[in-house]
Amino acid sequence: MSHASDIPPVNPQTPSPAPRTGPGFWPGFGVGCAVSFVGLLLLFVLSGIVALALGVNKAMTITGAAKAKRDAMVAMAEDAADEAAKGAAEAKGATDAADAMSVEELEIQSALDNEDFDRAEQLARALVERNKDDRSARSLLQMVRIERAVAAEEISSADGLLKDARAQGFDIEPTTELGVAELWLSEGEPQRSLEIAERVLKELDAPPASSAVDGKDAGPADAEEEAEYRRYVRGVALLVRGLCRAELGDPASAVKDLTAAVELAPDEETAADWRNYLDQVREKSR
């Protein structure tokens with residue numbers, strides 16, 4: 001950094017020689033002037049050196065401060081990078097955990113499909129143990145218990161578990177609820193079965209809380225799969241409600257529900273089975 005304005009001139013104008021009045025006039029005057037000039041010149045030079053030194057020292061101080069500031073900024077940037085990396089690692093861990101849970105859910109569902117309720121409940125309990133604060137894990141365990149009770153035709157236990165799940169706000173699949181409804185119907189309790197079927201239909205008619213699937217934006221494939229699932233659930237709910245209405249002495253409403261159910265059947269085989277129920281109701285109503 002330049003500090004030229006702080007440095008006195010080092011080449012002042014040489015003063016004019018003093019006029020001579022004669023050889024006897026103070027012979028040491030010229031020498032004194034010379035000495036004085038040299039002293040003044042040295043003083044100016046020293047002053048310039050001191051000023052230059054101060055300027056350099058000031059520049060070094062400023063440079064040091066800038067370096068310290070730059071080092072601090074670099075350290076902050078490194079810390080921010082470390083935090084970002086840590087956050088990314090945590091996010092990846094959460095994603096991995098979610099993926100792991102999805103795999104476990106698939107294993108539980110597979111066990112349920114094979115009616116291996118012991119394994120399904122064992123897996124669901126282990127999932128809850130690892131995710132004690134996860135309501136979805138607890139909901140899944142409760143659903144496994146309901147499915148087990150329905151398969152064992154323990155209607156009181158199944159209905160009690162279902163009521164407890166709803167009281168706690170657990171997410172229970174509508175197909176599981178309709179399983180309890182079908183069990184009530186087979187037990188000769190169409191009114192209780194009807195209440196469950198109508199509740200499921202009411203929930204299906206309600207607008208969805210979110211268009212997202214599993215916390216992610218739903219793509220076309222996800223939306224189509226969700227629509228097909230809801231279509232199937234509606235068909236089953238209408239089938240159950242139609243059969244309940246037939247048992248309760250309302251064949252006209254029963255035929256209407258069963259006709260709509262057949263139209264929502266996911267395949268020809270299912271449609272044929274549901275059409276048999278419709279034909280039976282029509283035959284009895286004649």
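Read the figures in this text as sums done on the coordinates, not as results from a lab. No experiment lies behind these values; they were computed from the predicted model shown. With ideal geometry, Cβ positions are generated from the backbone for all residues, glycine too; neighbour counts draw on all protein chains shown.
What to note about this one:
- Cβ-based net charge around SER157, under 14 Å, with every Lys or Arg adding one and every Asp or Glu removing one: -4
- Classification of the range 101-172 by its C-alpha gyration tensor yields an oblate form. The axis ratio a/c (a ≥ b ≥ c) is 1.5 or more, and b/c is at least a/b.
- Ordering of 114-121, 259-266, 178-185 by burial proxy (mean other Cβ atoms within 10 Å per residue, highest first): 178-185, 259-266, 114-121
- Among PHE117, LEU106, ALA158 the positive-end extreme of the charge dipole of the range 101-172 (Cβ point charges): ALA158
- Here the range 130-154 and the range 180-206 have alpha carbon centers that stand 20 Å from each other.
- Cross-link table LYS132/LYS163; LYS202/LYS284; LYS163/LYS202; LYS163/LYS284, entries beyond 25 Å C-alpha to C-alpha: LYS202/LYS284; LYS163/LYS284
- Computed lengthening from ARG230 to ALA271, 0.36 nm per intervening residue step minus Cα-Cα distance: 13.1 nm
- Global geometry of the range 142-286, whether rounded, prolate or oblate, following the gyration tensor of its Cα atoms and the 1.5 cut on a/c: oblate
- Sorting SER156, SER186 from the fewest to the most surrounding beta carbons within 10 angstrom yields SER156, SER186.
- Anisotropy class of the range 229-286 from Cα gyration tensor, a/c 1.5 cut: oblate
- Charged-residue dipole, Cβ positions (Lys, Arg, Asp, Glu), the range 101-172 about Cα centre, Debye nearest 20: 360
- ALA223/GLN122 FRET efficiency (R0 35 Å; Cβ-Cβ; nearest 0.05): 0.55
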